[in-house]
Each structure stands twice: as C-alpha cells, then as structure tokens.
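Novice: Dropping the structure in here first, questions after.
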Amino acid sequence: YYLPTTVKLLNTYVRMDKAGVQTDNIKKIKNDIAQSLETIVQAFYRLYDSLYDFDAIDITSEIEAFKGALATDGLIEEGIGLELYEDKMK
C-alpha cells in the first residue's frame, strides 16, 4: 500500500508541475504533496529499519547460545566475555 500510494503522489506532483498552468488548486495539491514527503521518508526509513528486527533478535540469540556452548564445553568461563578470557590465557 505504501509504495504504490507514494508513487501515485509523486506522479500526481509531476503531472501537476507539467500542467503549464499553476492555478490555486494545482499549487495547493503540489504544496500538500511536497509537505508530506518528509513524513513519507521517515515512514519508509522506519519500515526499512524494521526489516532488520528479526535479524537483531536472531543474532543476539545465536551469540548467547554460542557463548553457552563454549562455557558448557569449558572453553570459556561463564559470565566472562571472550576478550577477558583471552587476556587471562596470555
């Protein structure tokens, strides 16, 4: 819904801009569309960012499981980050 509506608004703006005549109604339509662009950009940014929500959750879970497996196998100490453990081994 969002992308087709945005394309429709932009096409309307271009068509009105090329109309050759700038009536009050055309000016208002163009102004309304232009003012809505910042909102549209913010919405698309949030939508784009939300595409990575699952990845962030998945990666966090994967890291925790990995650390748990390393600790279970005695390769790291529980609760100590990998960097600290490497420093202790030196």
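Novice: For region 1-51, what is the charge dipole size about the Cα centre, in debye to the nearest 20, if Lys and Arg each add +1 at the Cβ and Asp and Glu each add -1 at the Cβ? Could the numbers behind the result be given before it?
Specialist: Values: 7 positive and 5 negative charges, 39 e Å.
That gives region 1-51 a dipole magnitude of about 180 debye.
Novice: Within the chain, count lysine pairs with alpha carbon atoms under 23 angstrom apart where the residues are 8 or more positions apart or belong to different chains.
Specialist: Eligible lysine pairs with Cα atoms under 23 Å apart amount to 9.
Novice: What FRET efficiency comes out for the pair Asp17/Phe44, r = Cβ-Cβ distance, R0 = 22 Å, nearest 0.05? Display every interim value, and only then the final one.
Specialist: Details: r = 22 Å, r/R0 = 1.00.
For R0 = 22 Å, the calculated efficiency reads 0.50.
Novice: How big is the dipole moment of the chain about its Cα centre under a simple scheme where the beta carbon of each Lys and Arg is +1, that of each Asp and Glu is -1, and everything else is neutral? Debye, nearest 20, please. Each step should come with its number before you reach the end.
Specialist: Details: 10 positive and 16 negative charges, 244 e Å.
That gives a dipole near 1180 debye.
Novice: Among Ala71, Tyr52, Ile40, whose Cα lies farthest out toward the positive end of the dipole of the chain, if unit charges sit on the beta carbon of Lys, Arg (+1) and Asp, Glu (-1)?
Specialist: Ile40
Novice: Out of these labelled values of P(r) over Cα pairs in 10 Å bins from 0, in percent, [x] 14, 22, 18, 19, 13, 9, 4, 1, 0; [y] 17, 43, 31, 9; [z] 14, 24, 15, 12, 12, 12, 9, 3, which was calculated from the coordinates shown here?
Specialist: Step by step, P(r) over Cα pairs in 10 Å bins from 0, in percent for this structure corresponds to label [z].
Novice: Here's a follow-up. What residues have an amide H closer than 5 Å to that of Ile76, excluding those fewer than 5 places away on the same chain, when H is modeled at 1.01 Å from N in the peptide plane?
Specialist: Close amide H contacts, sequence-distant or interchain: Ala71.
We did not get these values from a lab; they are worked out from the coordinates using the rules stated. Please read these numbers as outputs of a predicted model, since none were measured by experiment. Note: ideal-geometry Cβ built from the backbone for every residue, glycine included; neighbour counts use all protein chains shown.
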